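The values are calculated or read from the model by the stated rules, or taken from the named source; none is laboratory data. Just so it is clear, the model here is predicted, and its values are computed rather than measured. A quick note on method: Cβ atoms are made from the backbone with ideal geometry, for glycine too, and the neighbour counts reach across all protein chains shown.
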Amino acid sequence: MQRISKNVYAEIYYWGCNQGFLVTGDGVVLFDTPQQPIDAVRYRERVLEHGPIRYLINTEPHNDHIRGNAYFPGVEVIGQQGIKTRTSRKSLRSRLGTIPCSASTSPATRLRRRRS
C-alpha cells in the first residue's frame, strides 16, 4: 500500500484494479475492492487501522472493481446508476446467454466414452 498524501492511500500490488481510500474525520471512504477473497480480507483489516469504513465507491461495474464488496459487510456502497441491475444474475444470464453444446461433444458424453 502506498501513501499518496496525508490522507490518501492506494493499493497497486493486487491483481486487477488499483484500490484506494481516503481517511476523513468521519471515517474512511473506499474506492473499489480487491477481487481475490484473501486480498479483500487483508485489505479490509489494513483499512480499518485508519478508522471505521463509511462508504465504498465502485468506480465501474467490472469484476476487478466490485468482486471484493462482499467482504465489507454493512458498508454503504455507492455506484453508477443501474449497477445493481447490470450485475444481477438474471441480467448476466440474459447478456451472456448459454453456450451451445451438442450431445456428442458434451463433457458427460466424453466422460462416458472414456469409461467404455
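Please state which of the following conditions ALA70 fails to meet, knowing it meets all the rest: (1) within 13 Å of the chain's Cα centre (by Cα); (2) surrounded by 12 or more Cβ atoms within 10 Å (Cβ to Cβ); (3) modelled with pLDDT under 90.
(2)
Are any residues in the stretch 47-60 at pLDDT 95 or above and either charged (D, E, K, R) or in contact with a Cys (Cβ under 8 Å, 6 or more places away or on another chain) (or both), and if so, which ones?
Within the stretch 47-60, GLU49, ARG54 meet the criteria.
Any idea which residue in the stretch 17-74 is nearest to ARG3 (Cα to Cα), counting only those that are aromatic (Phe, Trp, Tyr), outside any loop (DSSP other than H, G, I, E, B) and touching a strand residue (DSSP E or B) at 6+ places or on another chain (Cβ under 7 Å)?
Going through the qualifying residues, I end up with PHE21.
Any idea which of THR109, THR105, THR98 is part of a helix (DSSP H, G or I) and at pLDDT below 75?
Every option except THR109 fails the conditions.
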